[in-house]
1. Could you report the accessible area of Arg138 in Å², rounded to 10, computed with a 1.4 Å probe on the protein chains as they sit in the structure?
2. For an R0 of 35 angstrom, estimate the FRET efficiency from the Cβ-Cβ distance between Val120 and Lys248 and round to the nearest 0.05.
3. For Asn128 and Ser58, what is the calculated FRET efficiency with R₀ set at 25 Å and r taken between the beta-carbons, to the nearest 0.05?
4. How large is ³J(HN,Hα), in whole Hz, for each residue of region 220-236 in order, when computed from phi with the Karplus curve 6.51 cos²θ - 1.76 cosθ + 1.60 and θ = phi - 60°, using x for Gly and Pro?
5. Using the beta-carbon distance between Leu50 and Val111 and R0 = 25 Å, what value does 1/(1 + (r/R0)^6) give for FRET efficiency, to the nearest 0.05?
6. Within 10 Å, count the other beta carbons around each residue, average over each peptide in 25-33, 81-89, and list them highest first.
7. Quick one: compute the contact order of region 26-96, relative version, from alpha carbon pairs under 8 angstrom and 6+ residues apart, as a percent.
8. Arranged from highest to lowest average of other beta-carbon atoms within 10 Å per residue, in what order do the peptides 63-76, 232-245, 97-110 appear?
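The values are calculated or read from the model by the stated rules, or taken from the named source; none is laboratory data. Computed from a predicted structure; not experimentally measured. Virtual Cβ from ideal backbone geometry, glycine too; neighbours counted across all protein chains shown. With ligands, DNA and RNA removed, areas are computed over all heavy atoms of the protein, side chains included. Shrake-Rupley method; radii C 1.70, N 1.55, O 1.52, S 1.80 Å.
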Amino acid sequence: RTLLSLSYFIIKVGCDHLMRTPDQTTKLFAALNVLDLLLSVSALSYFTSLQTYDSAPSFLTVCYVIFSVLIFATSFLTCLLAVVRAIYLVFPFYMVNWGLAQLSTLIYGIVVVALLSLRVLIHPNHENLVITAVYHARFFIVAILFLVVLLSNVLAMIKLLLVRSRRDAYSEENRKATITVGIISVIYCVCNIGFVIIAGFPAFSPSSYENISLQIMDILIYIAIPLNSACNPVVYLCRNSDMRSYLKTVWKRLGGRRFCVTENKSPADMKYVKIFIVNTLT
């Protein structure tokens with residue numbers, strides 16, 4: 001499902017580029033799809049390695065770093081999507097500064113890499129002040145992202161309730177997109193709240209952290225988080241009629257042709273996308 005969802009967003013990004021109407025939100029969805037796929041694979045690899053006692057420590061370390069980076073990355077992208085959608089809805093005439101968004105992504109990435117490097121290179125002794133600082137920083141990052149996603153969706157839903165009487169095409173499309181992001185964010189919160197709580201124990205109560213059952217840890221980290229990634233493509237499929245049409249076309253392989261995702265473009269725009277049909281589904 002994730003691969004099919006990703007192929008849909010890749011084609012849609014290509015169509016937008018062809019018609020010179022780039023949609024940054026679509027690119028965010030495509031990036032989130034990529035991370036969802038990688039996170040599911042890395043979670044399976046890391047969990048399998050932990051159950052295999054003859055796995056090399058260096059291999060376990062690499063799996064841990066990749067898995068952790070992907071958790072932080074998917075959390076940040078979900079947060080960015082929620083914030084952007086809330087801005088579009090609450091402040092409809094405000095132009096999102098995507099340059100600032102890219103800068104914040106770069107800074108966030110540097111901070112995450114630095115934290116993970118310290119966590120891997122320094123022995124995890126709770127009496128070590130550096131490790132304690134790393135645990136605190138990790139908790140505050142995941143907690144802030146969690147709260148921002150929650151707050152953004154609360155604001156967006158309140159705005160939807162206030163303008164629910166409007167029935168024009170733009171408002172309806174905006175409403176559907178906001179609800180889609182809202183569903184994704186709710187799933188994120190449900191699947192990640194356990195991870196947020198777990199992340200707080202090493203920082204504030206190391207002794208309690210050591211007493212947590214390994215089975216609970218496995219469920220909250222290696223099942224709940226990948227489950228979030230697995231649910232996202234289902235949400236896209238249920239909420240997006242164009243994606244359903246695309247998947248039907250892929251399934252039936254009608255004429256061995258791929259169609260361009262147009263998101264209800266006007267007939268005048270269609271002349272730009274007719275040449276985007278390629279024979280790759282044979």
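1. 50
2. After rounding to 0.05, the efficiency reads 0.15.
3. Using R0 = 25 Å, I get an efficiency of 0.70.
4. Per-residue couplings from phi come out as 6, 9, 9, 10, 5, 5, x, 4, 4, 5, 6, 7, 4, x, 5, 5, 4 Hz.
5. 0.40
6. Highest to lowest by the protection proxy: 81-89, 25-33.
7. 36
8. By packing density, highest mean first, the sequence is 63-76, 232-245, 97-110.
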